[in-house]
Amino acid sequence: PIAKRNPAHWRARRRMPQMTNHLNQDALAERWQMSPRTLEQWRYRGCGPRFLKIGGRVLYRLTDVETFETASVHANTVGPVLEPAPRAQ
């Protein structure tokens, strides 16, 4: 007979430390203090950070998360921070 999988084993496995250069949906949701469902909606709409889908798993590269965070910096409620134009010499 096939041995039953121990659910506690799988729960513990999900809590294993993440790779330092990738985040799963739950880790990113925790980082940004938002619902994982929001990230799912963003992926569907294509408006969130870039992501990898490998074998049904969704992973976010840390570099893509940081790029998205940088692009989301705002100085006011009107729009993103604009870089100053280079001075003519």
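The values are calculated or read from the model by the stated rules, or taken from the named source; none is laboratory data. As the structure is a computational prediction, the values presented were derived from the model and not from experiment. As a convention, Cβ positions derive from the backbone with ideal geometry for all residues, glycine included, and neighbour counts pool all protein chains shown. Calculation scope for accessible area: heavy atoms of the full protein, side chains included, ligands and nucleic acids excluded. Shrake-Rupley method; radii C 1.70, N 1.55, O 1.52, S 1.80 Å.
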### Task
Identify all residues within region 53-64 that are under 13 Å from the mean Cα position of the chain (by Cα) and surrounded by fewer than 14 Cβ atoms within 10 Å (Cβ to Cβ); write none if there are none.
LYS53, ARG57, THR63
### Query
Do we find a residue being in contact with a Leu (Cβ under 8 Å, 6 or more places away or on another chain) and either in contact (Cβ under 8 Å) with a residue 40 or more places away in the chain or assigned to a helix (DSSP H, G or I) (or both) anywhere in region 57-64?
yes
### Query
Do you know which residues across region 30-47 are assigned to a loop (DSSP other than H, G, I, E, B) and either among the hydrophobic types (A, V, I, L, M, F, W, C) or more than 20 Å from THR20 (Cα to Cα) (or both)?
MET34, SER35, GLY46, CYS47
### Message
Quick check on my filter: what residues within region 65-89 are of a type in the set (S, T, N, Q) and either assigned to a strand (DSSP E or B) or open to solvent by less than 80 Å² (accessible area, probe 1.4 Å) (or both)?
### Response
SER72
### Query
Being in a helix (DSSP H, G or I), at pLDDT below 95 and small (Gly, Ala, Ser), is that true of even one residue in region 9-28?
yes
### Check on ARG50, out of contact with any Asp or Glu (no Cβ under 8 Å at 6 or more places or on another chain) and open to solvent by 80 Å² or more (accessible area, probe 1.4 Å)
no
### Query
Using beta carbons and a limit of 9 Å, which pairs, at least six apart or on different chains, have the first residue in region 43-54 and in contact (Cβ under 8 Å) with a residue 24 or more places away in the chain and the second one among the basic types (Lys, Arg) and open to solvent by 60 Å² or more (accessible area, probe 1.4 Å)?
LEU52/ARG61
